[in-house]
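Colleague: Sharing a structure below in structure tokens format, with a few things to ask.
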Amino acid sequence: MLLFALAFLLVILQPSTGQFPRVCANVQSLLSKECCPPWDGDGSPCGELSGRGSCQNILLSQAPLGPQFPFSGVDDREDWPSVFYNRTCRCVGNFMGFSCGECKFGFSGINCAERQVKIRRNIFQLTTTEKNKFLAYLNLAKSIPSQDYVIATGTYAQMGNGSNPMFRDINVYDLFVWMHYYASRDALLGGSSVWRDIDFAHEAPGFLPWHRAFLLMWERQIQRITGDESFTIPYWDWRDAEDCEVCNDEYMGGRHPTNPNLLSPASIFSSWQVICTRSEEYNSQQALCSATGEGPLRRNPGNHDKSRTPRLPTSADVEFCLSLTQYESGPMDKMANYSFRNTLEGFAEPQTAISNPAQSGLHNALHIYMNGSMSEVQGSANDPVFVLHHAFVDSIFERWLRRHRPILEVYPAANAPIGHNRENYMVPFIPLYRNGEFFKPSRELGYDYEYLQEPAVQSFQDFLTPYLQQARQIWAWLLGAAVFGGIVTAVLMGLIRACRKKKTGTSSEIQPLLIESEDYNNMTYQSNF
């Protein structure tokens, strides 16, 4: 009870990262198209009096888009977030947040000047206490309402272009489920028409940066609601796994004894209600997911379509993917060949990197294998296995970045599918982040993976220690060798001196003719010296 009260207080006092800021979900903000809330620290918009930031016009990318979405002005997510707001806080230095009240990822302290790097660990390397704490944090996030963010339950047009706001509260965990849904939902074209070939978080270059930002925001939320600033998302290393190793009641929930599609009653996740899973219903109603409960979490790992996903990914699959030198290629969507992104996402064969959307490899393979809530894109984040899975996918992205060291310009600046160009803002995040901002090594964003950490440089004493230990074991032999060497050296020196004495006594006739006697003696002296 004390933990719950503390967490609730922290949520109230701390800003967070998510979707529509509550303070901007009103008629005035929507009609003025301005979201520049005051920072609590000094009461000025964006903390301007304290030099944290200022209210600025949004700078939208003018780079051309790919042909995948042939419409304009029909979807609220186009040129995000300009349909809702065209002025937001632009933070400076190491400050960020919708009011510039937070520190950038990788920084902490009152003035956000302290660098930090936190380590994400393998879930099977956690102690029992650490693992149980992680599970408790997940359950806590499912029950605590977000104090800083709300979700939209209608489009901007359905809101009367801002005159009739349609927003509702949501708990912290489901806030992220809804954001994942909103980024990947179909475009509503009016009547009963929809456009399915649109996704602001998948099937294009932004897939990896988007999910990297998503996990960082999710991680920070857990830190905030628990007060545990050291918390990091654990990962599940699924390479060469024969089954779902985390699908048991000790970890993420086992199989129900009578209904294989449900979770075991012994798991805390068996009582969870999913949201945003009925895409066809929303499409037919031309409506958005309202985040109401839609039934229990479903999962039936291994009983999936084997023709589409014959097995879980292997280490060889991952290594081949990492060998690909191109981040993106061709149409920059799920038909891209020899693309690291498309191969890791799972639309290209993990042995050839040739596009084959009929098969699901690597990232996609895990989603299909789970055979339940996690297998449908829009609602996949309902299953908490999602964060373990995507943390490991992100670690593979990190390995590629370290191996190939790409410059920012490697990320496409133009002609990518809608929302995926380098300078496009990620949907639906407020504060605003561009895709290119997360195309960088994880340590620059304040985190690393346990299995990717480079060994610490040893001290000189640590370096010498093994050699000193060996010396102790053979000291007697070394001492004998030193004595014998001393005797041999003394004998040799004696012989050399005898030879020199004999040479000095030779007649002048055999001394060098081109050197005067005085010069010769000087040279010998210098030699002796």
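A short reminder: the numbers here are calculations on the coordinates, not readings from a lab. Note that the coordinates shown come from a computational prediction; the quantities given were computed from them, not determined experimentally. All Cβ positions, even for glycine, are placed from backbone atoms using ideal geometry, and neighbour counts span all protein chains on display.
Colleague: Going by average Cβ density within 10 Å per residue, which order do the peptides 282-289, 297-304, 189-196, 206-213 take, highest to lowest?
Modeller: 206-213, 297-304, 282-289, 189-196
Colleague: Give the long-range amide H neighbours of residue 103: residues separated by 5 or more places, or on another chain, with amide H under 5 Å away, using H modelled in the peptide plane at 1.01 Å from N.
Modeller: Long-range HN contacts for residue 103: 96.
Colleague: In the stretch 97-162, which GluC sites (Glu not before Pro) are in a loop and have at most 10 other Cβ atoms within 10 Å, using DSSP for the loop call?
Modeller: none
Colleague: Looking only at Cα atoms, what is the convex hull volume of the stretch 25-124 per residue, in Å³?
Modeller: Convex hull volume per residue, Cα atoms: 191 Å³.
Colleague: So how do 367-373, 290-296 stack up, highest first, on mean other-Cβ count within 10 Å?
Modeller: 367-373, 290-296
Colleague: Along each principal axis of its Cα atoms, how long is the stretch 329-439 end to end? Whole angstroms, biggest number first, please.
Modeller: For the stretch 329-439, the Cα extents along the three principal axes come out at 37, 37, 27 Å.
Colleague: Computed over the Cα atoms, what is the radius of gyration of the stretch 92-157 divided by 2.2 N^0.38 Å, N being its residue count?
Modeller: Computed over Cα atoms of the stretch 92-157, the ratio equals 1.58.
Colleague: Okay, next question. Sort the stretch 303-369 into rounded, prolate or oblate with this rule: let a ≥ b ≥ c be the square roots of the eigenvalues of the Cα gyration tensor; rounded if a/c is under 1.5, and if a/c is not under 1.5, prolate when a/b is larger than b/c, oblate otherwise.
Modeller: Because a/c hits 1.5 or more and a/b fails to exceed b/c, the stretch 303-369 counts as oblate.
Colleague: Apply the Kirkwood formula to the stretch 186-227: the hydrodynamic radius equals the inverse of the mean of 1/r over all pairs of different alpha-carbon atoms; give it in Å with one decimal.
Modeller: Result for the stretch 186-227, one decimal place: 12.6 Å.
Colleague: Ranking request for peptides 38-50, 54-66: highest mean number of other beta-carbon atoms within 10 Å first, then the rest in descending order.
Modeller: The most tightly packed comes first, giving 38-50, 54-66.
Colleague: How big is the equivalent ellipsoid of the stretch 127-210 along its three axes, where each semi-axis is √(5λ) from the Cα gyration tensor, reported in whole Å from largest to smallest?
Modeller: 31, 20, 9
Colleague: Kindly state, as a whole number, the per residue volume in cubic angstrom of the convex hull around the alpha carbon atoms of the stretch 127-280.
Modeller: 171 Å³
Colleague: Need one number: the % of Cα-Cα pairs in the stretch 71-188 sitting beyond the 19 Å mark.
Modeller: 67 percent
Colleague: Enumerate the calculated ³J(HN,Hα) couplings along the stretch 307-320 in order (Karplus 6.51 cos²θ - 1.76 cosθ + 1.60, θ = phi - 60°), each rounded to whole Hz, writing x wherever the residue is Gly or Pro.
Modeller: 3J(HN,Hα) across the stretch 307-320, in whole Hz: 5, 8, 9, x, 7, 6, x, 10, 4, 5, 4, 5, 5, 5.
Colleague: Ok, one more. Would you pull out the residues with amide H under 5 Å of residue 255's amide H, same chain only if 5 or more places away, H placed 1.01 Å from N?
Modeller: Placed amide hydrogens put 264 under 5 Å from residue 255.
Colleague: Could you tell me the ratio Rg/Rh of the stretch 390-460? Both radii from Cα atoms, Rh via Kirkwood.
Modeller: Result for the stretch 390-460 is an Rg/Rh of 1.07.
Colleague: Mind listing the Cα extents of the stretch 256-306 along all three principal axes, in Å, largest one first?
Modeller: 38, 29, 13
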